Amino acid sequence: MSDFPSVAVIILNWNGKDYLEKFLPGVVRSSYSNLRVIVADNASTDQSVVFLRTSFPKVEIILNTSNEGFAAGYNTALAQIQSDYFVLLNSDVEVISGWIEPVIALMERDPLIAAAQPKIKSYQHKDRFEHAGAAGGYIDRFGYTFCRGRIFDTVEEDCGQYESASEIFWASGAAFFIKSTYWKSIGGFDADFYAHMEEIDLCWRLKNKGYKVMYCPASTVYHIGGGTLQTESPFKTYLNFRNNLILLTKNLDPQKRIFILFIRFWLDFTSLLKFVADGKFQHALAISKAHRSFLTNIQRNWSKGTPDVSSFNNTGFYTGSIVWQYFIKGRKYFKDLMHCP
């Protein structure tokens, strides 16, 4: 029997054979002693499963019957796995030796730590942070997400400025560590999100209960990004805007919800006009579609949004407006926000 907590690394795959071929060998070589590596396949049609069975016979495979998206796909897979820790790892992530141990050691020190992420850097530019996670996720009062090391499209070079383990608001789904007891108690992902921001919703639900989410710089992974939905995909724009409204509805203090949603609708309309001005009409239509979908399902989403915020852990919650600071004040870097409400 191992002295180390059991860890299951679960890679959700959909037609990602090329990524598995490139990055799975590094995951399998991970040095952590009490480890299972599992690929949960979302009904791929690209011979991913055949490749796994022939090339990685020791890697466990879970076969989902359909492409359920990121959120439901992981829910289905993790319901079948017993482990002290779950690590949700994107298929387009390169790991290095010893990437698991520091995060588990950090999380073991404090029972209030529910989730964590490593430092996430760009696979293509290894001296820079990566958009989806960087050095830990934050959120402003209007639901706009950003990271230490990445605000909107400004991505920082890693110069050792974020080398302290610290509490954040949300951990990236690209390399998401969570204690399985908290995953189960919180109910996993909200499948209605399909993809994008489901990990932020899960972290916010944990924070509403007083738990901690951490960033661990002693571990680094390298992420390609955009492996399933490209940045320029109108469907991704639709999901981001729709899911952000659901995120706010579910998790905000009920007394502030209507006001914040009202402001967000007008801010989203500004984004729509910007897309039109730039000639990106499909993206403008995606925002309109996101609003229609949200309003069509508002009763369903509203019924989820009755959080008890009396224990809310607000570390990582930025009480100002990141849009105002970035676009109006010109503050592009995280260090510039520290004294700006």
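The values are calculated or read from the model by the stated rules, or taken from the named source; none is laboratory data. The structure displayed is predicted, hence computed values, not measured ones. So basically every Cβ, Gly included, is an ideal-geometry build from the backbone, and we count neighbours across all protein chains shown.
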Next on the checklist: Looking at the structure I just gave you, is Ile287 at pLDDT 95 or above, of a type in the set (A, V, I, L, M) and not assigned by TED's automatic domain parsing to the domain that holds Cys203?
Outcome noted: yes
Item to check | Hits in segment 108-119 (condition: over 14 Å from the mean Cα position of the chain (by Cα) and either of a type in the set (Gly, Ala, Ser) or crowded, with 24+ Cβ neighbours inside 10 Å (or both)) | outcome: Ala114
Next on the checklist: surrounded by fewer than 22 Cβ atoms within 10 Å (Cβ to Cβ), under 20 Å from the mean Cα position of the chain (by Cα) and more than 26 Å from Met197 (Cβ to Cβ): which single residue out of Pro57, Pro5, Pro102, Pro25 fits that description?
Outcome noted: Pro102
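Let's see how each residue does on (1) over 25 Å from Lys184 (Cβ atoms); (2) assigned by TED's automatic domain parsing to the domain that holds Trp183; (3) surrounded by 18 or more Cβ atoms within 10 Å (Cβ to Cβ):
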position	(1), (2), (3)
Ser31	yes, yes, no
Asp41	no, yes, yes
Ser97	yes, yes, no
Leu106	no, yes, yes
Lys121	yes, yes, yes
His125	yes, yes, no
Checklist entry - How about segment 295-324: which of its residues are under 30 Å from Asp336 (Cβ atoms) and aromatic (Phe, Trp, Tyr)? => result Phe312, Phe317, Tyr318, Trp324
Checklist entry - Which of (1) in the same structural domain as Ser180 (by TED's automatic domain parsing); (2) farther than 19 Å from Gly225 by Cα is the odd one out, the single condition Ala71 does not satisfy? => result (2)
Checklist entry - What is the number of the single condition among (1) surrounded by fewer than 20 Cβ atoms within 10 Å (Cβ to Cβ); (2) of a type in the set (Phe, Trp, Tyr); (3) in a helix (DSSP H, G or I) that Tyr326 does not meet? => result (1)
Next on the checklist: Out of the residues in segment 176-202 meeting the condition of being under 8 Å from the mean Cα position of the chain (by Cα), among the hydrophobic types (A, V, I, L, M, F, W, C) and not in a loop (DSSP other than H, G, I, E, B), tell me which one is farthest from Asn243 (Cα to Cα).
Outcome noted: Phe176
Checklist outcome for this item: Of (1) surrounded by fewer than 16 Cβ atoms within 10 Å (Cβ to Cβ); (2) at pLDDT below 95; (3) not in a helix (DSSP H, G or I); (4) not β-branched (Val, Ile, Thr), Pro307 fails just (1)
Item to check | Residues located in segment 207-227, provided they are part of a helix (DSSP H, G or I) and surrounded by fewer than 24 Cβ atoms within 10 Å (Cβ to Cβ) | outcome: Asn208
Checklist entry - For the subset of segment 140-170 comprising residues that are under 19 Å from the mean Cα position of the chain (by Cα) and free of Cβ contacts under 8 Å to residues at least 24 places away in the same chain, which member is surrounded by the fewest Cβ atoms within 10 Å (Cβ to Cβ)? => result Asp153
